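Working notes for the structure below.
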Amino acid sequence: MNILVILLQVLLQAGGNQSNSYISTIVFWIIWGGIIIILSFTPYFQNYMAIMWYSYSVGGNFLTSLSRLITNNVNLVINHINQLLKSDGSSQSTSKNLIEKTIQDLMEFVVIEPVNTEPTGLMRTLKLLVTSYNEKLEYSIRSLLPNVDRPPLVQNVVDAIDGLRELNYIYKVIMHYYKLSNKYKNPYLMIQVYMLLPIIREYVNALNGAISSFLKGATSW
């Protein structure tokens, strides 16, 4: 710190003379460099830099791309539903807002699985939940496509929206840890997510490809 004080005094003396402006600039950057080096050894500064780096990698990069991907797929599903309505000559028009609201509601749909400590009826309860979930999706899609009487076509749209729901769930979980890490200035939560990003990206890419494949299959029947 004594060196920094001396450099600061030199800077002030040099700043008073216009002919030494070049020297004052050099000394100024030397002082700032010394401050950054000193701060880099403090735990708080290291945690702050770690949070900044992982926040950019997780929030500024991955979450932004995932949000854009979900939006594009939602628009893709809406366009396909409109095409199906037109191709079947439906006289009953369905507004885009209603289609979008239905898709958003289905994306927010969550199935709470039974815990494995239940004494009896675990498989029966799980089967009931899966059946109810599938019936909910299919009923909602059939309400948007009342005149489409081809079950495979409707099922493909149901599967595409199921993929959207999974993408939205991944986004919400990662966003939860992202906000939690920034709130408590804890980089270790973000580090765990960052280490899993390669696997999560592969899963997201697989879901994205599946959604496109289901929708393409829906128009080929």
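Using a basic spin-label model with each label point 7 Å from the Cα along Cα→Cβ, how many nm lie between Arg150 and Lys185?
6.0 nm
What list of ³J(HN,Hα) couplings, whole Hz, do you get for region 159-174 from phi and the Karplus terms 6.51, -1.76, 1.60, once you set θ to phi - 60° and write x for glycine and proline?
For region 159-174, the Karplus-derived couplings read 5, 5, 5, 4, x, 4, 4, 5, 4, 5, 5, 4, 4, 5, 5, 5 Hz, x marking Gly and Pro.
Which ³J(HN,Hα) values in Hz, rounded to whole numbers, follow from the phi angles of region 97-103 under the Karplus curve 6.51 cos²θ - 1.76 cosθ + 1.60, where θ = phi - 60° and Gly and Pro get x?
Per residue, the Karplus-derived 3J(HN,Hα) values read 5, 5, 4, 5, 5, 5, 5 Hz.
If the chain between Leu196 and Leu76 were fully stretched, how many nm would it gain, using 0.36 nm times the residue separation less the Cα-Cα distance?
Stretched fully, the Leu196-Leu76 segment lengthens by 40.4 nm.
Across bins of 5 angstrom width beginning at 0, how are the C-alpha pair distances of region 122-193 distributed, in whole percent?
P(r) for region 122-193, in whole percents per bin: 3, 14, 16, 13, 13, 11, 11, 10, 6, 3, 1.
What's the FRET efficiency of Asn97 with Leu128 using the Cβ-Cβ distance as r and R₀ = 25 Å, to the nearest 0.05?
Using R0 = 25 Å, I get an efficiency of 0.15.
Viscosity 1.306 mPa s, temperature 10 °C: Stokes-Einstein D of region 48-218 from its Kirkwood Cα radius, in µm² per second?
For these conditions, the coefficient is 88 µm²/s.
Where a number appears in this text, it was derived from the coordinates with a stated rule and is not lab data. Computed from a predicted structure; not experimentally measured. When we count neighbours, we look across all protein chains shown, and the Cβ atoms used for this are built from the backbone with ideal geometry, even at glycine.
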